[in-house]
Every structure is written in C-alpha cells, then in structure tokens.
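Structure first, commentary second.
The values are calculated or read from the model by the stated rules, or taken from the named source; none is laboratory data. Small disclaimer: the values here were computed from a predicted structure and weren't measured. For neighbour counting, all protein chains shown are included, and Cβ atoms are generated from backbone atoms with ideal geometry for every residue, glycine included. Each accessible area value is taken on the protein alone, full model and side chains, heavy atoms only, with ligands, DNA and RNA left out. Shrake-Rupley method; radii C 1.70, N 1.55, O 1.52, S 1.80 Å.
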Amino acid sequence: MTDIQEEQRRYALAVSGGYCEACGRPLADGQRQGAHRIGNTKANRKKYGWLVVDHRLNVGYACSLACNGKLDISRDAGACVELCRRIYEYEARKYGRGRR
Ligand SMILES: [Zn+2]
C-alpha cells in the first residue's frame with residue numbers, strides 16, 4: 001500500500017466515524033476495508049482518471065466484502081457524475097476557485 005492509499009484509508013475511517021457506511025455496524029466488529037465508490041477498475045480509470053478514482057472522497061469504509069459491494073456506485077451514471085462534481089469542487093477549493 002502506498003502512502004497516498006494509506007492516507008485515504010485513514011481519512012475514510014475518520015469521516016465514517018468508525019462505522020460501516022453500508023450497514024452501520026462498528027467497523028471493529030467486521031473485516032474493515034476501504035471501499036471505492038467508483039470502482040477501481042481499468043475501465044473506470046480510463047473513463048474518470050486517477051484524480052477521481054484515487055480521490056479520498058471516492059473511498060468509503062465497509063465492514064465486509066458484501067457491504068463493500070453496496071458502496072459501489074459504478075453502475076449509477078448520475079451518482080458517478082455527482083461524485084465527480086464534488087471531487088472537482090473539493091480540488092478547486094485548494095486553488096481558491098471553489099463555490100463559496
Ligand atoms: Zn457493513
């Protein structure tokens with residue numbers, strides 16, 4: 001795991017409050033894992049780019065493989081576009097160009 005991936009996972013754990021985003025049970029009870037919302041696949045990387053796929057807003061936390069799957073929005077084009085918008089706004093703010 002790279003430093004960036006490690007950082008993403010810590011952030012995702014912090015924002016989820018230590019609970020599975022899909023079923024709400026404490027992550028300590030399950031098999032804690034980082035879950036990509038837009039799946040980490042070659043096709044998605046080609047379509048959305050690494051900026052989106054590797055972005056910390058694209059990684060949530062799940063307690064199991066089943067819940068990991070529930071966080072995947074790859075097949076919901078509208079949800080993917082919405083997430084991309086949030087990621088780009090998040091990035092734009094770094095340069096003072098976000099919405100106020
Ligand atoms: Zn769960």
Relative contact order %, the chain, counting alpha carbon pairs below 8 Å whose residues are six or more apart: 30
Virtual spin-label span in nm between ASP76 and ARG97, 7 Å along Cα→Cβ: 2.9
Linear extension gain, LEU65 paired with TRP50, 0.36 nm per residue minus alpha-carbon span: 3.1 nm
Fraction of accessible area attributable to carbon and sulfur, the chain (%, probe 1.4 Å): 52
Cut-off 15 Å between beta-carbons: net charge of the residues surrounding ALA79, Lys and Arg +1, Asp and Glu -1: +2
Kirkwood hydrodynamic radius over Cα pairs of the chain, then Stokes diffusion coefficient at 37 °C and 0.692 mPa s, in µm²/s: 235
For segment 1-59, average projected area of the Cα convex hull in nm²: 4.2
Neighbour cut-off at most 15 other Cβ (10 Å), DSSP loop, chymotrypsin sites (Phe, Trp or Tyr not before Pro), segment 24-100: TYR95
Nonlocal amide H pairs with ALA35, under 5 Å, H built at 1.01 Å: GLY60, TYR61, ALA62
Aspartates and glutamates whose Cα lies under 19 Å from that of LYS47, excluding same-chain neighbours fewer than 8 positions away: ASP72, ASP76, GLU82, GLU89, GLU91
Summed residue charge, Cβ within 13 Å of VAL53's Cβ, Lys/Arg positive, Asp/Glu negative: +4
Net charge of neighbours whose Cβ lies under 12 Å from the Cβ of CYS67, counting Lys and Arg as +1 and Asp and Glu as -1: 0
Helix 3-16 vs. the chain, principal-axis angle (Cα, 0 to 90°, nearest 10): 70
Residue-averaged 222 nm ellipticity for the chain, from DSSP H runs of 4+ at -39500 (n - 2.57), nearest 500: -14000 deg cm²/dmol
Cβ charges +1 (Lys, Arg) and -1 (Asp, Glu), total dipole of segment 1-55, debye: 320
